[in-house]
Amino acid sequence: MGIVIGRIAVGQLEVNCYIVSDDTTKEAIVIDPGDEPDRILGYLSEKGLVLVKIVCTHTHFDHIGALPEIKEVSKNASLQMHKDELTIYKQAKDMAAVWGFHIETMPAPDVLLTEGSEVSVGNVKFKVLHTPGHTPGGICMYGSGILISGDTLFAGSIGRTDLPGGNLPAMKASFKRLMALPADTKVFPGHGPASTIANELRDNFFIDEI
């Protein structure tokens, strides 16, 4: 009994949308609903889950494209993102157009997170780690031996720092912080396969930067 993590790779850029739920209360958090809202909503329905929170690890267009539809269907779900992410969020529609994508106008966030904020459903609790570098308000969610790392940390790699809002020195500091987590921490990144901190300490190309 406890935490359940579902993953759906959505959109052309194959963003990992995570549906995290408490298997007792059936309450759920959707993290980074980047595209294909029907698949995300279908998962929630199939599993009998009640969506109570939507969390953005950051707000590049490929991670938020399904937000309008998800929020419309789940009107009572609280949309949450870091307070330093609002500029990127407001620019997401224009950034999508530059890349040849179209996204709808985004709903206003309900909660602005900060370092140390708690995001929970039922007995599942995550602590917000502010990890800028990919974007100013990028976050990771850490709890129960699990790190949901967004585009800060990938298996063997890191998020880009050459996009608007990117900052290489900030990324180095964020990466160093994550590498100090317990080695057996399971890492669920924004793109690509899952990993562990132990694997990243051994295999990540960026390790030489710290």
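Values as computed for the structure displayed
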{"quantity": "Of the GluC sites (Glu not before Pro) in the range 102-186, those whose Cβ has at most 14 other Cβ within 10 Å and which sit in DSSP loop", "calculated": "Glu104, Glu115"}
{"quantity": "Centre separation in Å (Cα based) which lies between the range 173-200 and the range 31-54", "calculated": "25"}
{"quantity": "Dipole magnitude (debye, nearest 20) for the chain, charges at Cβ of Lys, Arg, Asp, Glu", "calculated": "400"}
{"quantity": "Taking the C-alpha atoms of the range 3-209, convex hull volume expressed per residue in Å³", "calculated": "104"}
{"quantity": "Contact order relative to length of the range 3-209, as percent, for alpha carbon pairs under 8 angstrom and 6 or more apart", "calculated": "15"}
{"quantity": "Fewest-first ranking of Val10, Val20, Val30, using other Cβ atoms within 10 Å as the exposure measure", "calculated": "Val10, Val20, Val30"}
{"quantity": "Kirkwood-Stokes translational diffusion coefficient of the range 129-210, alpha-carbon pairs, 10 °C, 1.306 mPa s, µm²/s", "calculated": "131"}
{"quantity": "Residue-averaged [θ]222 nm for the chain, counting only DSSP H segments that reach four residues, each worth -39500 (n - 2.57)", "calculated": "-7500 deg cm²/dmol"}
{"quantity": "Local net charge near Met171, Cβ-Cβ under 13 Å (Lys/Arg +1, Asp/Glu -1)", "calculated": "+1"}
{"quantity": "Dimensions (Å) - the range 99-168, Cα atoms, principal axes, largest first", "calculated": "41, 33, 18"}
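Throughout, read-outs are computed from the coordinates displayed, never taken from laboratory work. As the structure is a prediction and not an experimental result, all values here were calculated from the model. Positions of Cβ are generated from backbone atoms using ideal geometry, with glycine treated the same way; all protein chains shown enter the neighbour counts.
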